[in-house]
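Take a look at the structure set out below.
The values are calculated or read from the model by the stated rules, or taken from the named source; none is laboratory data. Everything numeric here is computed off the predicted structure, so don't read it as measured data. Positions of Cβ are generated from backbone atoms using ideal geometry, with glycine treated the same way; all protein chains shown enter the neighbour counts. Surface accessibility is based on the protein's heavy atoms, side chains included, excluding ligands, DNA and RNA. Shrake-Rupley method; radii C 1.70, N 1.55, O 1.52, S 1.80 Å.
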Amino acid sequence: MVITKSLFGKTKDGAEVHAFTLPGENGAYVTVLDYGCTLQSIVVPGRDGRLSDVCLGYGSVAAYENEDGYLGACIGRYANRLGDGVFELNGKTYTLFKNNGKNTLHGGKTGFDKYVWDSRIEGDALVFSRVSPDMEEGYPGSLAVTVTYRFGEGNRLSIEYHAVSDADTVVNLTNHAYFNLTGGPSGDIRGHVLQTDAASVTENDKSGCPNGKLLPVSGTPFDFTSPKPLGKDIDSDNEQLRLFHGYDHNYVLPAGQGLRTAAVLYEPTSGRRMTVQTTKPGIQLYTANFLNGSTPDKNGTLLHQYSGVCLETQYFPNSMQIKSFPSPILRKGAEYRHTTVYAFDVLD
Ligand code: GAL
């Protein structure tokens with residue numbers, strides 16, 4: 001089980017981008033780029049043993065540089081939205097770049113997804129690192145970040161995030177992989193069956209930013225406490241679904257400590273199942289509502305609404321404004337730690 005490295009391409013500034021291949025079981029493998037710590041492919045067997053790629057991605061660095069769908073990327077310094085592009089910390093107001101209407105989204109103008117990270121291979125671990133300088137994108141504190149990928153036994157992909165800052169700051173890191181367990185973007189994800197024990201979601205305002213209210217899922221299209229196809233209620237006459245053209249909501253995971261199962265996604269035709277575990281309190285269910293078919297993916301296929309589904313583990317979006325949400329503040333010298341696992345197997 002040896003991790004290999006090859007040249008993937010170059011950025012428009014001439015920096016080399018590498019692809020790392022992490023082998024798994026039964027021919028499975030995962031490809032990760034040092035550009036944005038991007039998960040570029042996840043190739044796993046289906047019920048019939050056939051290998052297919054279940055992670056949407058592009059075939060060139062240019063596509064990753066030009067597109068804003070965040071395909072498979074590491075998102076930071078703050079995943080998802082911070083309302084009005086401002087936050088207050090220690091009595092001081094910090095102003096961020098508004099790249100999504102009135103909000104800051106996924107780190108701002110140039111998020112962690114748009115950098116080539118340093119990399120090293122340590123046995124079965126692929127470790128990326130970068131220092132986000134003080135006031136990068138308006139965030140205080142020089143932040144030393146590592147993102148460690150492991151894949152292998154049980155076709156279990158783990159991502160471990162670690163960060164330390166030299167001043168108080170906010171940190172919310174995630175991965176923005178779009179999954180399609182049919183094994184390609186042409187079959188859409190409405191037939192995928194999702195289960196999560198989350199009993200509520202955070203309600204969004206019209207800009208997609210949580211307004212502080214928690215909506216109990218029971219009796220609503222948001223209820224996945226029993227396994228349900230993503231497409232079953234997606235066209236319901238529900239304002240929260242209509243506003244964002246599908247699911248784009250943060251699920252409030254049951255309280256608990258350590259690594260816990262957050263969601264299980266199953267695709268009946270291939271038999272593929274993905275189990276998501278995390279140490280963080282929330283998970284964004286996003287049904288790729290805004291993919292718009294402008295750039296061909298790595299197979300030449302145009303991506304569109306419902307081509308994939310994201311399950312982004314995180315602190316709740318807008319959690320600097322909403323004081324009742326778990327706090328994303330990282331104190332000077334303290335450690336930010338976050339583990340997420342995507343485990344792949346098949347059901348007969
Ligand atoms: C999601 C977010 C969506 C959209 C997407 C990127 O995490 O919730 O609203 O911005 O990223 O296109």
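Things worth noting here:
- Selection within region 107-124 - on the phi > 0 side of the Ramachandran plot and within 15 Å of the ligand (Cβ to nearest atom): Gly107, Gly108
- Here the condition is being away from the ligand (no atom under 15 Å from the Cβ), in a strand (DSSP E or B) and surrounded by 15 or more Cβ atoms within 10 Å (Cβ to Cβ); of Thr275, Thr295, Thr313, it holds for Thr275 alone.
- Region 298-310, subset open to solvent by 10 Å² or more (accessible area, probe 1.4 Å) and within 16 Å of the ligand (Cβ to nearest atom), residue farthest from the chain's Cα centre (by Cα): Leu302
- Residue in region 127-139 that is under 23 Å from Phe316 (Cβ atoms), at pLDDT 95 or above and part of a strand (DSSP E or B) present: yes
- A single member of Thr95, Thr104 is among the β-branched types (Val, Ile, Thr), more than 16 Å from the ligand (Cβ to nearest atom) and more than 26 Å from Lys10 (Cα to Cα), and it is Thr95.
- Restricting region 142-156 to residues that are open to solvent by 20 Å² or more (accessible area, probe 1.4 Å) and touching a Lys or Arg at 6+ places or on another chain (Cβ under 9 Å), the residue that is nearest to Val2 (Cα to Cα): Arg150
For every residue, the table says whether it meets (1) in contact with a helix residue (DSSP H, G or I) (Cβ under 9 Å, 6 or more places away or on another chain); (2) in a strand (DSSP E or B).
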{"site": "Tyr64", "(1), (2)": "yes, no"}
{"site": "Tyr70", "(1), (2)": "yes, no"}
{"site": "Asp84", "(1), (2)": "no, no"}
{"site": "Glu88", "(1), (2)": "no, yes"}
{"site": "Tyr94", "(1), (2)": "yes, yes"}
{"site": "Phe97", "(1), (2)": "yes, no"}
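- Taken over region 72-82, residues that are within 12 Å of the ligand (Cβ to nearest atom) and either modelled with pLDDT under 95 or not in a loop (DSSP other than H, G, I, E, B) (or both) amount to 3.
- Scanning region 157-189 for residues being assigned to a strand (DSSP E or B), open to solvent by less than 30 Å² (accessible area, probe 1.4 Å) and of a type in the set (Val, Ile, Thr) gives a total of 4.
- Scope region 76-130; condition open to solvent by 10 Å² or more (accessible area, probe 1.4 Å) and among the basic types (Lys, Arg); matching residues: Arg81, Lys92, Lys98, Lys102, Lys109, Lys114, Arg120, Arg130
- Whether a residue is surrounded by fewer than 19 Cβ atoms within 10 Å (Cβ to Cβ) and out of contact with any Cys (no Cβ under 7 Å at 6 or more places or on another chain) was assessed, and Thr269 passes this test.
- Residues within region 1-38 that are surrounded by 15 or more Cβ atoms within 10 Å (Cβ to Cβ), part of a loop (DSSP other than H, G, I, E, B) and of a type in the set (Gly, Ala, Ser), tallied: 3
- Residue check, Arg242 over 13 Å from Gly282 (Cα atoms), outside any loop (DSSP other than H, G, I, E, B), of a type in the set (Lys, Arg) and under 20 Å from the mean Cα position of the chain (by Cα): no
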